[in-house]
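Visitor: Take a look at this one; I'll ask things after.
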Amino acid sequence: MFIHQIPSFIPSLFPRFTWSKDSERQIYLTFDDGPTPEITDFVLECLAEYHAKATFFCIGKNAVSYPTIMDRIKSEGHSIGNHTMNHLNAWSFDFNAYLADVEACEAVFQKQGIQSIGFRPPYGRITRKMYKDIPNIFLWSVLTGDYNASLNSESILQSVLPLLKPGAIVVFHDSVKAAPHLKAILPAILAHCASQNLTCSAL
């Protein structure tokens, strides 16, 4: 069984991380692993159609490869966060090597004139050292599971739509792997947010 919502006790164990935000009407859609030409432009077009803003946690090597898409994300009023240079798993690397990869991504953003809003660890994998030494870490309250080929798009929607509440931080992936589900669920989720008078905002 895929768990779409973070159990309520977990954020209380790691209060320095941002899991959700206090809000009466705003919801926060986020996209990991881009930019990816095959899908990020689709995401941006969907967001524009609904006058929605979002946050893109970008991989540094992808930002280097696709600076034009990074410029588009920025120019259209979305925010950008750090997702490491090479999509590293924090459980598989020495902290200093991991931190160097985070800093390399930050250096790419600086060269592109991008102000990062903070950091999201790939796979949501965190360590005690990260908790202590890396500021502005954003996790999530709702995980769509768009990358999971064992799910189907309709079941994702049935599970996720009831979880779209004010203040929720929702994770999608603008990646080739997630594209089949994302193309089906993102327009439906944006339409649902609009029908519920939820404002899709950047973090």
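Visitor: Tell me the label-point distance for the pair W91, L163, using the 7 Å Cα-to-Cβ offset, in nm and rounded to one decimal.
Guide: That separation, rounded to one decimal, is 1.9 nm.
Visitor: Rg over Rh of the range 145-203, using C-alpha atoms and the Kirkwood radius, what does it come to? Mind dumping the intermediate values first?
Guide: Numbers: Rg = 11.3 Å, Rh = 11.9 Å.
My calculation puts Rg/Rh at 0.95.
Visitor: Still on this structure, please answer the following. Take the Cβ-Cβ distance between K177 and E24 as r, set R0 to 41 Å, and report the resulting FRET efficiency rounded to the nearest 0.05. Walk me through the numbers before you get to the answer.
Guide: Numbers: r = 35 Å, r/R0 = 0.85.
So the FRET efficiency works out to roughly 0.75.
Visitor: Rounded if a/c is under 1.5, else prolate if a/b beats b/c, else oblate: with a ≥ b ≥ c from the C-alpha gyration tensor eigenvalues square-rooted, which is the range 1-136? Show your work: numbers first, answer last.
Guide: Details: a/c = 1.82, a/b = 1.15, b/c = 1.59.
It is oblate, given that a/c is not under 1.5 and a/b is not larger than b/c.
Visitor: Just to check I understand the Karplus step: with θ = phi - 60° and J = 6.51 cos²θ - 1.76 cosθ + 1.60, what whole-Hz values come out for the range 44-59, glycine and proline as x?
Guide: 4, 5, 4, 4, 5, 4, 9, 6, 9, 10, 8, 10, 10, 8, 9, 7
Visitor: Looking only at F93, F109, F31, which one moves most when the chain is put into a Gaussian network model with springs between Cα atoms under 10 Å?
Guide: F93
Visitor: What is the percent carbon and sulfur in the accessible area of the range 1-138, measuring with a 1.4 Å probe over the protein chains and ignoring ligands?
Guide: Numbers: 3720 of 7130 Å².
The nonpolar share, carbon plus sulfur, comes to 52 percent.
Visitor: Just the number: Rg to Rh for the range 38-111, Cα atoms, Kirkwood Rh, two decimals. Show your work: numbers first, answer last.
Guide: On the way: Rg = 13.6 Å, Rh = 13.1 Å.
My calculation puts Rg/Rh at 1.04.
Visitor: Taking only protein heavy atoms and a 1.4 Å probe, what accessible area per residue, in Å², does the range 108-148 have with all protein chains in place? Numbers along the way, then the final one.
Guide: On the way: 1970 Å² over 41 residues.
Heavy-atom SASA per residue in the range 108-148 reads 48 Å².
Visitor: Then there's this: Quick one: which residues, 5 or more positions from F172 or on another chain, have an amide H under 5 Å from its amide H? H modelled 1.01 Å from N in the peptide plane, none for Pro or chain starts.
Guide: T30, F31, D32
Visitor: Could you list, in their original order, any pairs among K111/K183; K53/K129; K74/K111; K129/K183; K21/K74; K21/K111 whose Cα atoms are separated by more than 25 Å?
Guide: On the way: K111/K183 31 Å; K53/K129 32 Å; K74/K111 14 Å; K129/K183 37 Å; K21/K74 22 Å; K21/K111 30 Å.
Violating the 25 Å limit, Cα to Cα: K111/K183; K53/K129; K129/K183; K21/K111.
Visitor: Give the longest segment of the chain that steers clear of GluC sites (Glu not before Pro) in DSSP loops with at most 16 neighbouring Cβ atoms within 10 Å, not counting the sites themselves. Let's see the in-between values first.
Guide: Details: sites that count: E24, E38, E76.
Free of exposed loop sites, the longest segment is 77-203.
Visitor: Using r as the Cβ-Cβ distance of H192 and A149, and R0 as 30 Å, what FRET efficiency do you calculate, to the nearest 0.05?
Guide: Details: r = 24 Å, r/R0 = 0.78.
It comes out at approximately 0.80.
Visitor: Per residue, how many Å² of accessible area does the range 14-94 show with a 1.4 Å probe? Spell out each step's value before the answer.
Guide: Values: 3690 Å² over 81 residues.
Per-residue accessible area for the range 14-94 comes out at 46 Å².
Visitor: Now for a separate question. E45 to K129: extension gain in nm, 0.36 nm per residue of separation minus the Cα-Cα distance? Kindly include the intermediate steps, with their values, before the conclusion.
Guide: Working: separation 84, 0.36 × 84 = 30.24 nm, distance 3.84 nm.
Length gained between E45 and K129: 26.4 nm.
Visitor: Starting from the Cα of A184, step 7 Å along the direction of its Cβ; do the same at E76; then give the gap between the two resulting points in nm.
Guide: Inter-label distance under the simple model: 2.3 nm.
Visitor: Calculated from DSSP H runs of 4 or more alone, at -39500 (n - 2.57) each and per residue, what is the 222 nm mean residue ellipticity of the chain, nearest 500? Numbers along the way, then the final one.
Guide: Numbers: 8 runs with 78 residues, N = 203.
That calculation yields -11000 deg cm²/dmol at 222 nm.
Visitor: Also, I was wondering about something else. Hey, could you pull the Cα Rg and Dmax for the range 68-203, both in Å?
Guide: Taking only Cα atoms of the range 68-203, I get Rg and Dmax of 16.2, 46 Å.
The values are calculated or read from the model by the stated rules, or taken from the named source; none is laboratory data. Bear in mind that the values here come from a model prediction, so they are computed numbers and not experimental data. For neighbour counting, all protein chains shown are included, and Cβ atoms are generated from backbone atoms with ideal geometry for every residue, glycine included. Surface areas here come from the heavy atoms of the whole protein model, side chains and all, with no ligands, DNA or RNA. Shrake-Rupley method; radii C 1.70, N 1.55, O 1.52, S 1.80 Å.
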